[in-house]
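Here the structure is laid out as structure tokens; the discussion comes afterwards.
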Amino acid sequence: MSRVPVTSQTWLQNFRPYVNGERVKWPDLQLNLTAGQSAEVLLEFEYSYLIGDPESHLMLCPESGAPETGLLSDPPFGQLVEMAEGLISLTWVISTDNAASGPFTLHFEMPLYQGMPHSPPMAGEIINFEQEVDVTFDAFAVNFGLGHQGHPCHGATHTVHVRPKPSSHLLNKDVRLLSTAQSAGVVVTPAPEVWQMLTPNGVTWQLDCRGTTQDTVFFLQLEEADSGIVSLALDMVLAHNLVTARYWQEEHCTYPDITWYSYHAQATSAFLQTPARGVPVNVVFNGTPSYPTTDSNGEIRINNHVNAHLLMSIINRYDGSKV
């Protein structure tokens, strides 16, 4: 079987590539990724005469850039994989954990099959947004993905600023903000569909939460126009995240002569000056911590019938301040 003549057309005639489940023509095969993502590259060969040929083992090879960026493959680059009888496809998972920004080119080889040329190239690019941009939510450093969160507040207006680092691949590129903020009642300005050039001074979006009422999570992502690469999500946890607090205790008497106390906390929105519902209160009762949340009046109440030691405090998620 290995004596069947092969040409550059053999790949096009015998293999159909897919990226993340989507059929892609060989000339259009492109793999643009953000660091932290993975992609699935599948070669389908259901009707190929090469199935079962002992010389038709395949391997995926880096042509340029992949070792430098830290791109990884499973099965690994350069490992032969058999086109065994009964199979109609093979899959490689390309991962970019901790990968650096940069372009790369991959191709498939069939080194045991005499005269088989390399497959058409698969070009791609990785953008590690943490390496490329500095992101602030108001005065706080955040970034896309990597567990970062911002904590916008009901009744407030916030800013998200993205500034390219001096050597950034994104410098002077057009970017836009992708967001689910609208579903949370947040008004984003400029509108998310508007492209802006990422100059050295950066770009800024305003998040207007003055009309929001429901606690929720929405996300922000950055898209680069040329490559279409989209960052991982920056989660925005919308709630009463900045409050003032008032604490007091009340004495109670139970017949015939038992005296006990209730301890109270009330949270008030720093922006709306109204009771703040759903705010976690750190309670340590007789050495045991708990985290009840305030009711519609912004309050919690803890009854202490045994005169145990009790502490209450609130940590503002917006800025980490303790009240």
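The values are calculated or read from the model by the stated rules, or taken from the named source; none is laboratory data. No experiment lies behind these values; they were computed from the predicted model shown. Glycine gets a Cβ as well: all are built from the backbone with ideal geometry, and neighbour counts include every protein chain shown. Ligands, DNA and RNA are excluded from the accessible area calculation, which covers all protein heavy atoms including side chains. Shrake-Rupley method; radii C 1.70, N 1.55, O 1.52, S 1.80 Å.
Sort out which residues of segment 200-217 are in a loop (DSSP other than H, G, I, E, B), surrounded by fewer than 21 Cβ atoms within 10 Å (Cβ to Cβ) and under 24 Å from the mean Cα position of the chain (by Cα), and write them in order of number.
Listed by number, the residues that qualify are G202, Q214, D215.
Restricting attention to segment 184-199, and to residues there that are outside any strand (DSSP E or B) and touching a strand residue (DSSP E or B) at 6+ places or on another chain (Cβ under 7 Å), which single residue is surrounded by the fewest Cβ atoms within 10 Å (Cβ to Cβ)?
So the residue we want is E193.
Just to be sure I understand, how many residues within segment 249-285 are open to solvent by 60 Å² or more (accessible area, probe 1.4 Å), part of a loop (DSSP other than H, G, I, E, B) and within 30 Å of T212 (Cα to Cα)?
Residues in segment 249-285 being open to solvent by 60 Å² or more (accessible area, probe 1.4 Å), part of a loop (DSSP other than H, G, I, E, B) and within 30 Å of T212 (Cα to Cα): 4 in total.
Quick check on R246: is it open to solvent by 40 Å² or more (accessible area, probe 1.4 Å), within 26 Å of H158 (Cβ to Cβ) and outside any loop (DSSP other than H, G, I, E, B)?
Yes; evaluated as a whole, the condition is true for this residue.
Of the conditions (1) open to solvent by 20 Å² or more (accessible area, probe 1.4 Å); (2) under 15 Å from the mean Cα position of the chain (by Cα); (3) on the phi > 0 side of the Ramachandran plot; (4) of a type outside the set (S, T, N, Q), D138 satisfies every one except a single condition; which number is it?
(2)
Going by the conditions given, is V160 in contact (Cβ under 8 Å) with a residue 60 or more places away in the chain, part of a strand (DSSP E or B), touching a Leu at 6+ places or on another chain (Cβ under 7 Å) and within 19 Å of T216 (Cα to Cα)?
Criteria met by V160.
Please state which of the following conditions D235 fails to meet, knowing it meets all the rest: (1) open to solvent by 40 Å² or more (accessible area, probe 1.4 Å); (2) within 20 Å of T136 (Cβ to Cβ); (3) not in a strand (DSSP E or B).
It fails just one condition, (3).
Of the conditions (1) on the phi < 0 side of the Ramachandran plot; (2) at pLDDT below 95, G147 satisfies every one except a single condition; which number is it?
(1)
With in contact (Cβ under 8 Å) with a residue 24 or more places away in the chain, in contact with a helix residue (DSSP H, G or I) (Cβ under 8 Å, 6 or more places away or on another chain), under 23 Å from E55 (Cα atoms) and open to solvent by 30 Å² or more (accessible area, probe 1.4 Å) as the only criterion, which of P117, P111, P121 stands out?
Unique residue meeting the criteria: P117.
Within segment 286-305, track down each residue that is in contact (Cβ under 8 Å) with a residue 24 or more places away in the chain and open to solvent by 60 Å² or more (accessible area, probe 1.4 Å).
Scanning segment 286-305 gives N286, N297, R301, N303, H305.
For segment 1-99, give me every one of the strands (runs of 3 or more DSSP E) that falls completely inside it and has 3 or more residues that are hydrophobic (A, V, I, L, M, F, W, C).
Fully inside segment 1-99 and qualifying: 38-44, 59-64, 89-95.
Could you look through segment 46-97, keep only residues that are among the aromatic types (F, W, Y) and modelled with pLDDT under 95, and pick out the one that is nearest to Q114 (Cα to Cα)?
If we take residues in segment 46-97 being among the aromatic types (F, W, Y) and modelled with pLDDT under 95, then Y49 is nearest to Q114 (Cα to Cα).
Restricting to segment 14-62, name every residue that is within 34 Å of the chain's Cα centre (by Cα) and of a type in the set (S, T, Y).
Y18, T34, S38
With (1) open to solvent by less than 80 Å² (accessible area, probe 1.4 Å); (2) of a type in the set (D, E, K, R); (3) out of contact with any Leu (no Cβ under 6 Å at 6 or more places or on another chain) as the list, and E55 as the residue in question, which single condition is left unmet?
(3)
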